[in-house]
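Here is the structure we will look at.
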Amino acid sequence: MPTALPSVSGAAAVPVVVLASALLHAVWNGLTHGLRDKLAGFTLISLASAGCGAVLVCLAPVPDAAAWPYIAASAALQVAYQLLLLRAYQLGDFGQMYPTARGTSPVVVALVSTTLLGHALPVGQALGIGVIACGLVGLAVADGLPGRAHLPALAAALGTGVMIASYTLVDGTGVRAAGSVIGYIAWLFLCQGLVLPLIAWARRGPALLTALRPLYGRGLAGGLLSLLAYGLVVWAQSRGNLSTIAALRETSIVFGALIGAVVFRERLGHRRIAASVAVLAGIAILQLTGSP
């Protein structure tokens, strides 16, 4: 878990850690999307979150009092994120929903962190984030603009992106006030991990247990990958620039496009390749202009 990382130079480790988190995020989303019963899959991911959180709570220092409002807010936002992402995957294709959801976040984070939080964003880094955002939009519309029938799915995906941006900003501030990165992560996992299973039980009742049985392996694996991915990015947020981290994190869309092509047999095509190159170019600009 992230506790082993502080021995590495912060400036060198942050982008590597965020890119590793992006890869893990794309993998767990691919695992979840491949499940027929997505509500059951998301329930298992949440149970894994709560279980790991319960273990870490016993081992990690208790966060400082100033961090608890952020933990509560982030837990609520992450539950909303899970519900919206679940809905997007029920209504739309992985190749369009995933990039739309992820691509919305860095633009929102950049705007809010600079206008409301007063964080400085040098011109070079702003350019890099803009290039990444353009590439992400290109990935989202590579198969053409969505029609009216796709609007509910698109709305769910856009709402997911807003939730990602929201909890990114909350966690970026909260983890710095916690006094313990692992303590913050532990309580966040425990709090948010208990809510979705309760919602699923309210919808399905005892039938939920039957639906969970054939999915234990993939669902719990997705949950563990999700926890590791988010733990890594929260560690990075305790040391780096929020806008830059948010942009680098969205490179998960490039990994997602490759997963869609290889695993789900979705057409990659020249547009998706060009958009992926744009995302990589944006990452290079961030690094050349001195991103953390």
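The values are calculated or read from the model by the stated rules, or taken from the named source; none is laboratory data. This structure is a prediction, so every number in the text was calculated from the model and none was measured. Using ideal geometry, Cβ is built from the backbone for each residue, glycine included, and neighbour counts are taken over all protein chains shown. Keep in mind that these areas ignore ligands, DNA and RNA; they rest on the heavy atoms of the full protein, side chains included. Shrake-Rupley method; radii C 1.70, N 1.55, O 1.52, S 1.80 Å.
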Practice item. Would you please name the residue that is surrounded by the most Cβ atoms within 10 Å (Cβ to Cβ), looking only at residues in segment 115-135 that are modelled with pLDDT under 80 and in a helix (DSSP H, G or I)? Key: Gln125
**Study point:** Breaking point among (1) modelled with pLDDT under 90; (2) farther than 22 Å from Ala178 by Cβ, for Ala13
**Key:** (2)
Review point. Does at least one position in segment 285-292 carry a residue that is free of Cβ contacts under 8 Å to residues at least 12 places away in the same chain, farther than 30 Å from Gly174 by Cβ, surrounded by fewer than 18 Cβ atoms within 10 Å (Cβ to Cβ) and not hydroxyl-bearing (Ser, Thr, Tyr)?
Key: no
Revision key, fill the gap. Of (1) assigned to a helix (DSSP H, G or I); (2) hydrophobic (A, V, I, L, M, F, W, C); (3) surrounded by 15 or more Cβ atoms within 10 Å (Cβ to Cβ); (4) out of contact with any Ser or Thr (no Cβ under 7 Å at 6 or more places or on another chain), Leu111 satisfies every one except (3)
Point to revise | Search result, residues across segment 240-258 that are within 20 Å of Thr115 (Cβ to Cβ) and small (Gly, Ala, Ser) | key: Gly240, Ser243, Ala246, Ala247
Study note, to complete from the structure: Matching residues in segment 40-66 (loosely packed, with under 14 Cβ neighbours inside 10 Å, assigned to a helix (DSSP H, G or I) and either at positive phi or of a type outside the set (Gly, Ala, Ser) (or both)) number 3
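Condition first: of a type in the set (Ser, Thr, Tyr) and modelled with pLDDT of 85 or more. Now tell me which residues in segment 217-251 satisfy that. Even if it seems obvious, please write down each step before you answer.
Filtering segment 217-251 for residues of a type in the set (Ser, Thr, Tyr) gives 226, 230, 238, 243-244, 251.
Listed by number, the list holds a single entry, Ser226.
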Practice item. Within segment 225-248, track down each residue that is open to solvent by less than 20 Å² (accessible area, probe 1.4 Å) and in a loop (DSSP other than H, G, I, E, B). Key: Gly240
Point to revise | Every residue from segment 207-224 that is open to solvent by less than 90 Å² (accessible area, probe 1.4 Å) and either more than 25 Å from the chain's Cα centre (by Cα) or over 30 Å from Leu169 (Cβ atoms) (or both) | key: Ala207, Leu208, Leu209, Thr210, Ala211, Leu212, Leu215, Gly217
Practice item. Go through segment 144-172 and count every residue that is over 26 Å from Leu47 (Cα atoms) and either open to solvent by less than 40 Å² (accessible area, probe 1.4 Å) or in contact (Cβ under 8 Å) with a residue 60 or more places away in the chain (or both). Key: 4
**Study point:** One residue from Pro69, Pro106 being touching a helix residue (DSSP H, G or I) at 6+ places or on another chain (Cβ under 9 Å), part of a helix (DSSP H, G or I) and closer than 21 Å to Leu19 by Cα
**Key:** Pro106
Point to revise | Residue in segment 67-81 that is touching a residue at least 12 places away in the same chain (Cβ under 8 Å), touching a Gly at 6+ places or on another chain (Cβ under 6 Å), more than 28 Å from Glu266 (Cα to Cα) and not basic (Lys, Arg) present | key: yes
